[in-house]
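I have placed the structure first, in the form of structure tokens, so that the comments after it can refer back to it.
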Amino acid sequence: PDAGTFLAVADLRAGYGAGRVLHGIGFDVAEGEICAILGTNGAGKTTLLRALCGMVRTEGSLRLAGTALPRRRPEAVARLGVAHVPEGRGTFAPLTVEENLRLGAYVRRDRAGVLDDIERVYGYFPVLKERRAQAAGSLSGGEQQMVAIGRALMSRPRLILLDEPSLGLAPLVTRELFQIVRTVNEKERTTVILVEQNAHLTLEFAHRAHVLETGRIVLSGTAGDIRSDEQIARSYLGIE
Ligand code: ATP
């Protein structure tokens, strides 16, 4: 891998039980990049994120900043600076917004830093500060997604994995959310892998994209190139 490679994925195979979902995937992510993983339902996008964070059985090579990612040990992967925002958000509905944020800092020991970071997250998501004492389950879908991303930021990740954050959100809300993700990416140089079915909007915010089809990457390129090639947009992404 060249000096700019932060995450290197090579010949990645993964699945559940005896079944295989990913059939040899390779791509590199540069530090500070927003990398989109696109593809239709069942292509294997969620499984790819689960493979990266140690939740499913994998073969092949996964390296973060030159270090092999631990296999089947999500805690150990988290300690290396990888934060996962799962599909469906995974917030704790009965807990308050702030309690949810605190849970994201569980891998950390510095208490003062945690308080600073709660304020830092409120800086990105001012509405969460207003709702800090409210049960997360009482928030709108967009706000709950903010809690999920904010909680991930509490671990001060080097790499954040976002699984379909737009799910169930209105386009305007999704756009606002992606805008904040971009701000975090620019301010903190956090590398982002953004899994999405919503190709059109995602390509506005991503730097590079890889299109997954039945467990294989069928197309890779800069977001701009993919967006401007109508043929590609039509045949792989369903964009008219
Ligand atoms: P979606 O957007 O619907 O989540 P996806 O691209 O993320 O689609 P995956 O969720 O990774 O796709 O699913 C890929 C394949 O793996 C599907 O055929 C699915 O049925 C299978 N699969 C997903 N999770 C499991 C599981 N826990 N056990 C067994 N098979 C699974």
For the stretch 95-100, Karplus-derived ³J(HN,Hα) couplings (6.51, -1.76, 1.60; θ = phi - 60°; whole Hz; x for glycine and proline) come out as 7, 6, 3, 5, 5, 4
For all pairs of alpha-carbon atoms in the stretch 38-86, what percent lies in each bin of width 10 Å, listed from the first bin to the last filled one?
26, 54, 19, 1
For the chain, I need the span (max minus min coordinate) of the C-alpha atoms along each principal axis, in Å, sorted largest to smallest.
47, 39, 36
Can you quote the Å³ per residue value for the convex hull of the Cα atoms in the stretch 103-207, rounded to an integer?
101
Loop only by DSSP, 16 or fewer other Cβ within 10 Å of the Cβ. Give me the trypsin sites (Lys or Arg not before Pro) in the stretch 161-198 that pass, ordered by residue number.
R189
Once you place label points 7 Å from the Cα toward the Cβ at S138 and L95, how far apart are they in nm?
1.8
How large is the charge dipole for the chain, taken about the Cα centre, if only the Cβ atoms of Lys, Arg (+1) and Asp, Glu (-1) carry charge, to the nearest 20 debye?
880
Quick one: which residues, 5 or more positions from T96 or on another chain, have an amide H under 5 Å from its amide H? H modelled 1.01 Å from N in the peptide plane, none for Pro or chain starts.
A136
DSSP beta bridges in the stretch 105-240, what fraction antiparallel, as a percent rounded to 5?
55
For the chain, give the share of DSSP beta bridges that are antiparallel, in percent and rounded to the nearest 5; count only bridges with both residues there.
60
Expressed as a rounded percentage, what relative contact order does the chain have, with Cα pairs under 8 Å and six or more residues apart?
26
Enumerate the whole-percent occupancy of each 10 Å bin, from 0 to the last occupied one, for all C-alpha pair distances of the stretch 1-123.
11, 36, 34, 17, 2
Euclidean distance of C-alpha centroids, the stretch 6-45 and the stretch 210-237, integer Å
14
Could you work out how far helix 141-153 tilts from the main Cα principal axis of the chain, as a 0 to 90 degree angle to the nearest 10?
90
From the phi of every residue in the stretch 172-177, what ³J(HN,Hα) in whole Hz does the Karplus formula 6.51 cos²θ - 1.76 cosθ + 1.60 yield, where θ is phi - 60° and glycine or proline is x?
5, 5, 4, 4, 4, 5
Tilt relative to the chain, helix 111-124 - C-alpha long axis, 0 to 90 degrees, to 10
70
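None of the figures in this text is laboratory data; all of them are computed from the coordinates on show. The shown structure was predicted, so the numbers you read here are calculated from the model rather than taken from an experiment. Please note: Cβ atoms are built from the backbone with ideal geometry, for glycine as well, and neighbour counts cover all protein chains shown.
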